[in-house]
Amino acid sequence: MSRVLVKSFRATGAIGFRRLVAARTGAGSSDREVVQAAATSDPIIGVCLNETGAVAGEVVNVLMIGWEPVKLGGTVTRGQLLTSDASGRAIAAAATNRVVGIAQASGVADDEIDILLSPGAV
């Protein structure tokens, strides 16, 4: 693990440990609020570091840049760009998906693999 940039936010719903985190957007949202990522189009910003996860109203520490294990939601190959499935797990990204980082190992659903976090878009 290499944690370069960790920031604290307020969770607005349940977020699991090592699940992908997205900025909360839309009416009534605040710049310091996050949700568990749930779609390939979500504005993914990082990975939840709270070992017990977080529930609405709690502080959640989010790794935004660095190297960290994440839970997989499908089969990925080392070097693939990653995005989020509906449960905040990392899956292979396709064209036009938001990206959270690059797989540093290959794996299948429910494995935990290291990723190099570098949020962006394809």
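What follows is calculated from the coordinates using simple rules that are stated; it is not laboratory data. This structure is a prediction, so every number in the text was calculated from the model and none was measured. All Cβ positions, glycine included, derive from the backbone under ideal geometry; neighbour counts span all protein chains shown.
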- Message: Give me the percent relative contact order of the chain, please, defined on Cα pairs under 8 angstrom at least 6 residues apart.
- Response: 27
- Residues meeting the amide H criterion for Ile45 (H placed from the backbone, H to H distance under 5 Å, 5 or more places apart or on another chain) are Val21, Ala22, Ala23
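Find the relative contact order for the range 67-121 and round it to a whole percent, using C-alpha pairs within less than 8 Å whose residues are 6+ positions apart. Walk me through the numbers on the way to the answer.
On the way: 147 pairs, mean separation 23.5, N = 55.
Relative contact order, the range 67-121: 43 percent.
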- Considering the values (i) 1.02; (ii) 1.09; (iii) 0.94, which represents Cα Rg over 2.2 N^0.38 Å as calculated for the structure under consideration? (iii)
- Query: Suppose every K and R has +1 on its Cβ and every D and E has -1 on its Cβ; what is the size of the dipole of the chain about the Cα centre, in Debye to the nearest 20?
  - Reply: 200
- Query: Can you give the extra length, in nm with one decimal, that the chain gains between Val108 and Arg3 once fully stretched, where that is 0.36 nm per residue apart less the Cα-Cα distance?
  - Reply: 35.4 nm
- Query: What share of all Cα pairs of the range 67-121, in percent, falls into each consecutive 5 Å distance bin?
  - Reply: 5, 26, 39, 24, 6, 0
